[in-house]
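In what follows, a structure is listed as structure tokens, so that the remarks can point back to it.
Readers should treat all values here as calculations from the given coordinates under stated rules, not as data from a laboratory. Predicted, not measured: the structure shown is a model, and the values here were computed from it. Please note: Cβ atoms are built from the backbone with ideal geometry, for glycine as well, and neighbour counts cover all protein chains shown.
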Amino acid sequence: MSPRLTLGLAAGLTTLGLAGWLLIRHQVNTQASSRERECETSIRTIVSAIELYRSHNPRVPERLEQLIPRYLPEIPRCPKAKKDTYSESYLVYQTKYTLFCRGHHHRRENRPAFSKTQGWIRE
Ligand SMILES: [Zn+2]
């Protein structure tokens with residue numbers, strides 16, 4: 001094999017390897033962010049249920065279990081943690097509340113997070 005051919009082959013394999021690695025990394029990232037989006041969807045579902053509860057009651061619920069069964073069939077699970085990470089994080093102050101995915105299941109600890117006053121907390 002000529003040195004030029006060997007060099008060309010090596011360069012080709014390196015490029016393929018890099019492309020493959022980038023593709024895998026992209027898929028892993030996409031999967032991670034889609035799980036995070038599903039987690040946000042779970043939080044959104046809970047927030048809608050809280051708001052519906054609030055429209056029928058003088059206060060927001062003290063605990064998320066109070067939403068069951070009338071406003072929610074069950075507390076959704078974080079798709080990554082595969083469990084309810086929200087009940088423990090739910091904090092109420094008068095008509096305001098915050099809710100997040102408790103733990104380090106996504107890119108940042110205790111995210112996604114939603115606040116009644118601030119909306120989605122991104123930082
Ligand atoms: Zn989560």
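Note on the chain: GNM, Cα springs under 10 Å; of Arg70, Arg44, Arg35, the largest mean-square fluctuation is that of Arg70. Taking all Cα pairs closer than 8 Å and separated by 6 or more residues, the relative contact order of segment 3-121 comes to 17 percent. Calculated on C-alpha atoms, the gyration radius of segment 1-122 divided by its Kirkwood radius gives an Rg/Rh of 1.33.
Across segment 37-93, Cα-Cα distances exceeding 19 Å account for 22% of all pairs. Which one, Ala11, Ala32, Ala113, has the greatest fluctuation when you compute a Gaussian network model over the chain with C-alpha springs under 10 angstrom? Highest fluctuation of the listed residues: Ala11. Once the Cβ-Cβ distance of Lys96 and Arg44 is raised to the sixth power relative to R0 = 25 Å, the FRET efficiency obtained is 0.90. With R₀ set to 35 Å, the beta-carbon distance separating Trp120 from Val28 gives a calculated FRET efficiency near 0.90.
Simple spin-label estimate for Ser55 and Ala10 gives 6.8 nm between the two label positions (7 Å along the Cα-to-Cβ direction from each Cα).
Of all the options Leu13, Leu64, Leu72, the one that moves most in a Gaussian network model of the chain with Cα springs shorter than 10 angstrom is Leu13. Distance from the C-alpha centroid of segment 73-112 to that of segment 1-57: 22 Å, rounded to the whole angstrom.
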